[in-house]
1. Taking K and R as +1 and D and E as -1, what net charge do the other residues with C-beta under 11 Å from the C-beta of Gly61 add up to?
2. Asp78 versus Ser161, label points 7 Å from Cα toward the beta carbon: distance in nm?
3. Roughly how large, in nm² to one decimal, is the mean projection of the convex hull of the alpha-carbon atoms in the range 60-137?
Amino acid sequence: MKSFIFTALLAITTSALAASIPLTPTPAKWLSVETGVTKAGNTTTLTKRLGTEVVSCYNEGTAADRAPIISVIDDWCDNYAIGTFVSNGETIWARYDYGTFTVLVSGEAINGCTFTVDGNCNRLLREPVDQCNTSGENGKQGGFETDLCGQWRTDPGSNGSDY
């Protein structure tokens, strides 16, 4: 009888413990975020603009999974960058620290242009993620997208470095 009660209690405890363990892992959250504007002297849209866009891939340095990089891009664009006015030569940026790696994102006005960051921020920063290191979804090393008026950089790094 004692053995039956013990077995029943063990089964109930094991079932309760198993039910409390999540079946899918939760995505990693960054530890800290640094943001800034470096001065030199609305709704998210993934629709390409007119004009030439050139993507340059780093193909070296720290590699990171796509999901946390996209999380950084969406957080920075949606909560910090969109609506920011950028003058020629200015760079707006943020570095997200995950502990084991960082992700630097930035946008710079070039070629005498000025602009207000809009929903294309998300798309432009995704370009080097999705067009570089294309052998799989992960192992992304970043790069930058350059168009007529801006340069958009996505750069995983480690140990406080952008490399």
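1. Working: positive: Lys140; negative: Glu60, Asp155, Asp162.
Summing Lys/Arg as +1 and Asp/Glu as -1 gives -2.
2. Distance between label points: 3.3 nm.
3. Values: hull surface 22.4 nm².
Over every viewing direction, the Cα hull of the range 60-137 projects on average to 5.6 nm².
Rule-based calculations on the coordinates, nothing more; no lab input. This is a predicted model, so every value here is computed, not measured. Every residue, glycine as well, gets a Cβ built from its backbone with ideal geometry; the counts of neighbours run over all protein chains shown.
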